[in-house]
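The values are calculated or read from the model by the stated rules, or taken from the named source; none is laboratory data. The structure displayed is predicted, hence computed values, not measured ones. Virtual Cβ from ideal backbone geometry, glycine too; neighbours counted across all protein chains shown.
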Amino acid sequence: MNETAYPEHTFREILRSRIESGAYPLGMTIPGETELAETYSVTSHQVQSAVHALVREGLLRQVPGKGLFVCSPKMKRNLDELQGFTQTMLEKHVTPSFRIMARQLQKAGLKHSLTFGIHPEDDIYYIKRLCYADREPVSLEEIFIPKYVVPKLDGIDLTVFSIYEIYGMYGIQEERAVQTLDIVHLEQNDIRILGMEPGEPVMMFQCTTYDVQNRAIEFNRNFVRGDKCDFSVHFNR
(Lines give C-alpha, C1' and ligand atoms only; values in the text may rest on other atoms or scores of the structure.)
Protein backbone atom coordinates (compact mmCIF):
# COMPACT_ATOMS: atom_id res chain seq x y z
CA MET A 1 0.00 0.00 0.00
CA ASN A 2 1.21 3.54 -0.70
CA GLU A 3 2.41 5.88 2.01
CA THR A 4 -0.48 7.42 3.96
CA ALA A 5 -1.83 10.36 2.01
CA TYR A 6 -4.25 11.90 4.53
CA PRO A 7 -4.29 12.65 8.26
CA GLU A 8 -6.94 10.63 10.12
CA HIS A 9 -9.45 13.48 10.54
CA THR A 10 -8.95 14.54 6.91
CA PHE A 11 -9.82 11.08 5.59
CA ARG A 12 -12.98 11.06 7.71
CA GLU A 13 -14.05 14.36 6.11
CA ILE A 14 -13.20 13.06 2.64
CA LEU A 15 -15.36 10.00 3.24
CA ARG A 16 -18.12 12.24 4.59
CA SER A 17 -17.97 14.48 1.52
CA ARG A 18 -18.17 11.43 -0.77
CA ILE A 19 -21.31 10.34 1.02
CA GLU A 20 -22.91 13.80 1.07
CA SER A 21 -22.10 14.39 -2.61
CA GLY A 22 -23.88 11.19 -3.61
CA ALA A 23 -20.77 9.36 -4.76
CA TYR A 24 -21.91 6.66 -2.34
CA PRO A 25 -25.70 6.79 -2.80
CA LEU A 26 -28.19 6.67 0.05
CA GLY A 27 -29.26 3.19 1.00
CA MET A 28 -26.34 1.54 -0.80
CA THR A 29 -23.23 -0.14 0.58
CA ILE A 30 -19.82 1.52 0.51
CA PRO A 31 -16.59 -0.35 -0.36
CA GLY A 32 -15.01 -2.54 2.29
CA GLU A 33 -12.15 -1.60 4.57
CA THR A 34 -9.40 -3.01 2.33
CA GLU A 35 -10.72 -1.31 -0.81
CA LEU A 36 -11.12 2.04 0.96
CA ALA A 37 -7.59 1.83 2.33
CA GLU A 38 -6.16 1.08 -1.12
CA THR A 39 -8.28 3.67 -2.92
CA TYR A 40 -7.37 6.55 -0.59
CA SER A 41 -3.87 5.35 0.39
CA VAL A 42 -4.66 5.26 4.10
CA THR A 43 -4.20 2.66 6.81
CA SER A 44 -6.79 0.18 8.01
CA HIS A 45 -6.79 1.96 11.36
CA GLN A 46 -7.71 5.25 9.67
CA VAL A 47 -10.55 3.56 7.79
CA GLN A 48 -11.89 1.98 10.98
CA SER A 49 -11.67 5.25 12.88
CA ALA A 50 -13.48 7.19 10.13
CA VAL A 51 -16.17 4.55 9.76
CA HIS A 52 -16.83 4.38 13.51
CA ALA A 53 -17.17 8.16 13.67
CA LEU A 54 -19.63 8.28 10.77
CA VAL A 55 -21.63 5.39 12.22
CA ARG A 56 -21.96 7.36 15.47
CA GLU A 57 -23.14 10.40 13.49
CA GLY A 58 -25.72 8.34 11.62
CA LEU A 59 -24.25 8.76 8.12
CA LEU A 60 -23.38 5.07 7.99
CA ARG A 61 -25.10 1.98 9.36
CA GLN A 62 -23.11 -1.17 10.05
CA VAL A 63 -25.00 -4.43 9.54
CA PRO A 64 -23.14 -7.62 10.52
CA GLY A 65 -22.69 -9.92 7.57
CA LYS A 66 -23.92 -7.32 5.07
CA GLY A 67 -21.55 -4.37 5.30
CA LEU A 68 -21.81 -0.60 5.68
CA PHE A 69 -24.86 1.21 4.35
CA VAL A 70 -25.21 4.93 3.61
CA CYS A 71 -28.02 6.69 5.41
CA SER A 72 -28.96 10.18 6.53
CA PRO A 73 -29.34 11.36 10.12
CA LYS A 74 -31.73 14.12 9.05
CA MET A 75 -35.01 12.23 9.08
CA LYS A 76 -38.17 14.24 9.75
CA ARG A 77 -41.45 12.51 10.45
CA ASN A 78 -44.27 12.85 12.93
CA LEU A 79 -44.34 9.61 14.89
CA ASP A 80 -47.59 10.61 16.59
CA GLU A 81 -49.51 10.53 13.34
CA LEU A 82 -47.83 8.17 10.91
CA GLN A 83 -45.98 5.01 11.89
CA GLY A 84 -44.64 2.07 9.98
CA PHE A 85 -44.29 -1.49 11.21
CA THR A 86 -40.71 -1.03 12.40
CA GLN A 87 -41.47 2.02 14.57
CA THR A 88 -44.57 0.40 16.04
CA MET A 89 -42.74 -2.77 17.03
CA LEU A 90 -39.77 -0.92 18.50
CA GLU A 91 -42.08 1.18 20.69
CA LYS A 92 -43.53 -2.08 22.03
CA HIS A 93 -39.98 -3.36 22.72
CA VAL A 94 -40.41 -6.07 20.10
CA THR A 95 -37.74 -6.89 17.50
CA PRO A 96 -39.07 -6.34 13.95
CA SER A 97 -37.75 -8.15 10.89
CA PHE A 98 -38.84 -8.80 7.31
CA ARG A 99 -38.64 -11.36 4.55
CA ILE A 100 -39.00 -9.92 1.07
CA MET A 101 -41.34 -12.18 -0.90
CA ALA A 102 -41.37 -10.14 -4.11
CA ARG A 103 -40.00 -6.87 -5.44
CA GLN A 104 -40.48 -5.68 -8.98
CA LEU A 105 -40.97 -2.66 -11.20
CA GLN A 106 -44.28 -2.66 -13.04
CA LYS A 107 -46.62 -0.34 -14.90
CA ALA A 108 -49.07 1.63 -12.80
CA GLY A 109 -52.13 0.53 -14.76
CA LEU A 110 -55.45 2.31 -14.51
CA LYS A 111 -56.12 1.70 -10.80
CA HIS A 112 -52.78 2.90 -9.46
CA SER A 113 -52.50 5.72 -12.00
CA LEU A 114 -55.68 7.16 -10.48
CA THR A 115 -54.38 6.67 -6.95
CA PHE A 116 -51.04 8.37 -7.62
CA GLY A 117 -52.12 10.86 -10.28
CA ILE A 118 -49.69 9.47 -12.84
CA HIS A 119 -49.96 7.92 -16.32
CA PRO A 120 -50.95 4.23 -16.54
CA GLU A 121 -47.65 3.53 -18.34
CA ASP A 122 -45.54 5.12 -15.60
CA ASP A 123 -43.47 2.76 -13.45
CA ILE A 124 -44.28 1.88 -9.86
CA TYR A 125 -42.50 -0.40 -7.39
CA TYR A 126 -44.34 -3.40 -6.00
CA ILE A 127 -43.04 -4.93 -2.78
CA LYS A 128 -44.49 -7.90 -0.94
CA ARG A 129 -42.98 -8.70 2.43
CA LEU A 130 -43.65 -10.87 5.45
CA CYS A 131 -43.38 -8.95 8.72
CA TYR A 132 -42.14 -10.64 11.89
CA ALA A 133 -42.30 -9.61 15.54
CA ASP A 134 -39.68 -11.45 17.60
CA ARG A 135 -39.38 -13.93 14.72
CA GLU A 136 -43.12 -14.68 14.62
CA PRO A 137 -45.04 -13.80 11.42
CA VAL A 138 -47.69 -11.19 12.17
CA SER A 139 -48.62 -9.64 8.83
CA LEU A 140 -48.22 -9.84 5.07
CA GLU A 141 -47.75 -6.49 3.41
CA GLU A 142 -48.05 -5.25 -0.19
CA ILE A 143 -46.58 -1.83 -0.94
CA PHE A 144 -46.89 0.25 -4.11
CA ILE A 145 -44.66 3.31 -4.60
CA PRO A 146 -44.28 5.43 -7.78
CA LYS A 147 -40.75 5.20 -9.12
CA TYR A 148 -40.36 8.98 -9.29
CA VAL A 149 -40.77 9.17 -5.49
CA VAL A 150 -37.66 7.05 -4.76
CA PRO A 151 -35.98 6.37 -8.13
CA LYS A 152 -33.27 4.08 -6.69
CA LEU A 153 -35.51 2.00 -4.44
CA ASP A 154 -34.62 -1.17 -6.33
CA GLY A 155 -31.03 -0.90 -5.09
CA ILE A 156 -31.85 -0.44 -1.38
CA ASP A 157 -31.87 -3.40 1.02
CA LEU A 158 -35.37 -3.38 2.51
CA THR A 159 -34.31 -5.73 5.30
CA VAL A 160 -31.90 -3.04 6.51
CA PHE A 161 -33.94 0.14 6.04
CA SER A 162 -37.63 0.65 6.78
CA ILE A 163 -39.80 2.39 4.19
CA TYR A 164 -40.15 5.40 6.49
CA GLU A 165 -36.37 5.62 6.88
CA ILE A 166 -35.98 5.61 3.09
CA TYR A 167 -38.51 8.42 2.76
CA GLY A 168 -36.59 10.39 5.38
CA MET A 169 -33.27 9.86 3.62
CA TYR A 170 -34.72 11.29 0.43
CA GLY A 171 -36.36 14.27 2.12
CA ILE A 172 -39.92 13.00 1.74
CA GLN A 173 -42.16 14.14 4.60
CA GLU A 174 -45.40 12.27 5.20
CA GLU A 175 -48.31 14.54 6.04
CA ARG A 176 -51.41 12.37 6.28
CA ALA A 177 -52.88 8.99 5.44
CA VAL A 178 -56.32 7.64 4.56
CA GLN A 179 -56.91 4.14 5.87
CA THR A 180 -59.72 1.59 5.69
CA LEU A 181 -60.23 -1.70 7.52
CA ASP A 182 -61.91 -4.86 6.29
CA ILE A 183 -62.02 -8.56 7.17
CA VAL A 184 -60.94 -10.85 4.33
CA HIS A 185 -59.80 -14.39 3.55
CA LEU A 186 -56.41 -14.92 1.93
CA GLU A 187 -55.31 -17.50 -0.59
CA GLN A 188 -54.12 -20.77 0.90
CA ASN A 189 -50.44 -20.09 0.23
CA ASP A 190 -50.54 -16.72 2.02
CA ILE A 191 -52.43 -18.24 4.96
CA ARG A 192 -49.70 -20.89 5.25
CA ILE A 193 -46.96 -18.24 5.13
CA LEU A 194 -48.61 -16.43 8.03
CA GLY A 195 -48.78 -19.66 10.02
CA MET A 196 -52.57 -19.65 10.24
CA GLU A 197 -55.18 -22.36 9.89
CA PRO A 198 -57.11 -22.70 6.59
CA GLY A 199 -60.24 -20.57 6.55
CA GLU A 200 -59.08 -18.16 9.24
CA PRO A 201 -59.85 -14.51 8.32
CA VAL A 202 -57.36 -11.68 8.57
CA MET A 203 -57.73 -7.93 9.02
CA MET A 204 -56.89 -6.00 5.87
CA PHE A 205 -55.75 -2.42 6.25
CA GLN A 206 -55.58 -0.37 3.05
CA CYS A 207 -53.73 2.89 3.39
CA THR A 208 -52.86 5.72 0.99
CA THR A 209 -50.13 8.03 2.31
CA TYR A 210 -49.69 11.64 1.20
CA ASP A 211 -46.69 13.93 1.61
CA VAL A 212 -46.55 17.62 2.53
CA GLN A 213 -47.05 18.49 -1.15
CA ASN A 214 -50.32 16.49 -1.08
CA ARG A 215 -48.89 13.86 -3.44
CA ALA A 216 -49.99 10.27 -2.97
CA ILE A 217 -46.63 8.59 -2.41
CA GLU A 218 -47.63 5.11 -1.23
CA PHE A 219 -50.51 2.65 -1.36
CA ASN A 220 -50.28 -0.15 1.18
CA ARG A 221 -52.29 -3.31 1.78
CA ASN A 222 -51.49 -4.98 5.08
CA PHE A 223 -53.01 -8.36 5.99
CA VAL A 224 -52.73 -8.73 9.77
CA ARG A 225 -53.22 -11.72 12.05
CA GLY A 226 -55.93 -10.81 14.55
CA ASP A 227 -54.50 -13.18 17.17
CA LYS A 228 -51.14 -11.39 17.14
CA CYS A 229 -52.14 -7.71 17.07
CA ASP A 230 -54.59 -5.36 18.67
CA PHE A 231 -55.42 -1.80 17.69
CA SER A 232 -56.75 1.28 19.44
CA VAL A 233 -58.44 4.38 18.07
CA HIS A 234 -58.54 7.70 19.93
CA PHE A 235 -61.38 10.12 19.38
CA ASN A 236 -61.32 13.80 20.33
CA ARG A 237 -64.22 16.19 20.54
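Observations
- I166 vs. criteria part of a strand (DSSP E or B), surrounded by 20 or more Cβ atoms within 10 Å (Cβ to Cβ) and not assigned by TED's automatic domain parsing to the domain that holds I19: no
- Looking only at residues in the range 50-65 that are surrounded by fewer than 16 Cβ atoms within 10 Å (Cβ to Cβ) and of a type in the set (G, A, S), the one that is farthest from Y24 (Cα to Cα) is G65.
- Options I172, I143: the member that is out of contact with any His (no Cβ under 6 Å at 6 or more places or on another chain) and not in a loop (DSSP other than H, G, I, E, B): I143
- Any hit, the range 209-221, residues being among the charged types (D, E, K, R) and under 14 Å from the mean Cα position of the chain (by Cα): yes
- Some residue of the range 77-99 being at pLDDT 90 or above and assigned by TED's automatic domain parsing to the domain that holds R129: yes
- Residue within the range 158-165 that is closer than 21 Å to G27 by Cα, touching a strand residue (DSSP E or B) at 6+ places or on another chain (Cβ under 6 Å), among the hydroxyl-bearing types (S, T, Y) and at pLDDT below 90 present: yes
- Residue match in the range 121-139 (condition: hydrophobic (A, V, I, L, M, F, W, C), exposed (fewer than 13 other Cβ atoms within 10 Å of the Cβ), at pLDDT 90 or above and in a strand (DSSP E or B)): no
- All positions within the range 180-229 that are part of a loop (DSSP other than H, G, I, E, B) and of a type in the set (A, V, I, L, M): L186, L194, M196, V212
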